[in-house]
Amino acid sequence: MTSLFCCPLCGAALERAERTYVCPGRHSFDIAKEGYTYLLPVNRKHSAAPGDDPGMAAARRDFLSKGFYRPLLDALCALAVSHTGPQPDVLDVGCGEGYYTAGIYRALCAAEKRPRIAGTDISKSILRLAAKRERDVEFAVASSYHLPLADGAVDLLLDCFSPLAIEEFRRVLRPGGSFFYVVPSAMHLWELKEILYDTPYPNEERETPYEGFSYECILPVEGHVELKSQEEIHALFQMTPYYWKTPRAGAERLAAVDCLSVRTGFRIHVFQAE
């Protein structure tokens, strides 16, 4: 099967066999038992285990699997269906444990389309979970700034709370293709931040044009979640950047809370590649 991925060493197209990806230059990349492959060259690996660790990966899986962010998934699925043709090629950059990747794949199939979908993330731990979630999606460890895809390879690119590698995104998108960029709204998780920090501040919201893209719209997705146990609260905390930035006193205050009602807010910036 011809893959969406290309060889990270020579740039040639990859063919997927049962247990390996192989290019015409005979570079080969093993497929792990979970179903993902490793396409991050050693010279682009800046730590022994980059990205989310196993604990963060599990927290993200557990939290999202309970449907707390389902409104965002539903909005992304509707956009994906309306912005693609009958046989779309789709890339989810920084895909995490594959919640949105798998959801979009299933939505496109339900709309009687025949998608090819790939997801990339820097974390091997989290891709183990992603590959288990959806076997019909390709997953690879790779850097967002050096995507293992050919120029103009995809019709739709999703970046949900991941680093913005705009030059690479412009390179791999076909002219007329769509780019969905998901960021938090001003008051996203405000009640959580009120516990963690003495002086919390709203997230910045702005409309930023990018060369090579035209704005279509900014779609707001609002909601709230009711966290009914310390386990659910900690899972949310552990999957956010606050987990690494919060002073000990704030983390201790949160650990003493047994239930929490939290606002959620997302902004989906929809772009078209020129």
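All of the numbers you see were taken from the coordinates with simple rules; none came from a lab. What you see is a predicted model, and the numbers here were worked out from it, not measured in a lab. Note: ideal-geometry Cβ built from the backbone for every residue, glycine included; neighbour counts use all protein chains shown.
A few notes on this one:
- Folded to 0 to 90 degrees: helix 70-82 orientation relative to the chain principal axis, Cα: 30
- Cα-based convex hull volume of the stretch 28-145 per residue, rounded to whole Å³: 109
- Close Lys pairs in the chain, defined as Cα atoms under 19 Å apart and 8 or more places apart or on different chains, number 8.
- Here the contact order of the stretch 36-273, divided by its residue count and restricted to Cα pairs under 8 Å and six or more residues apart, works out to 22 percent.
- Sorted peptide list for 256-263, 121-128, criterion being average Cβ within 10 angstrom, highest first: 121-128, 256-263
- Gap separating the Cα centres of the stretch 232-268 and the stretch 56-105, nearest whole Å: 22
- A prolate overall shape is assigned to the stretch 87-127, the ratio a/c of its alpha-carbon gyration tensor axes (a ≥ b ≥ c) being 1.5 or greater and a/b exceeding b/c.
- Order of 28, 214, 178, 3 - criterion: other Cβ atoms within 10 Å of each residue's Cβ, fewest first: 214, 28, 3, 178
- Estimated [θ] at 222 nm from DSSP helical runs (n ≥ 4, -39500 (n - 2.57)) normalised by residues in the chain, nearest 500: -8500 deg cm²/dmol
- For the stretch 1-156, a simple Cβ point-charge model (Lys and Arg +1, Asp and Glu -1, everything else neutral) yields a dipole of about 300 debye relative to the Cα centre.
- Sequence-distant residues sharing a close amide H with residue 177 (under 5 Å, placed H): 273
- Sites listed here are GluC sites (Glu not before Pro) in the stretch 62-153 whose DSSP assignment is loop and whose Cβ has at most 12 other Cβ atoms within 10 Å: 112.
- The shape of the stretch 99-219 can be summarised by an equivalent ellipsoid whose semi-axes, obtained from the alpha carbon gyration tensor, come to 27, 20, 15 Å from longest to shortest.
- Global size of the stretch 36-273: 17.7, 53 Å for Rg and Dmax (C-alpha atoms, Rg to one decimal, Dmax whole).
- Packing-based ranking, highest mean first, of 192-205, 227-240 given that Cβ atoms within 10 Å are counted: 227-240, 192-205
- Förster-model FRET efficiency, 30 Å R0, residue 20 and residue 151, C-beta, rounded to 0.05: 0.75
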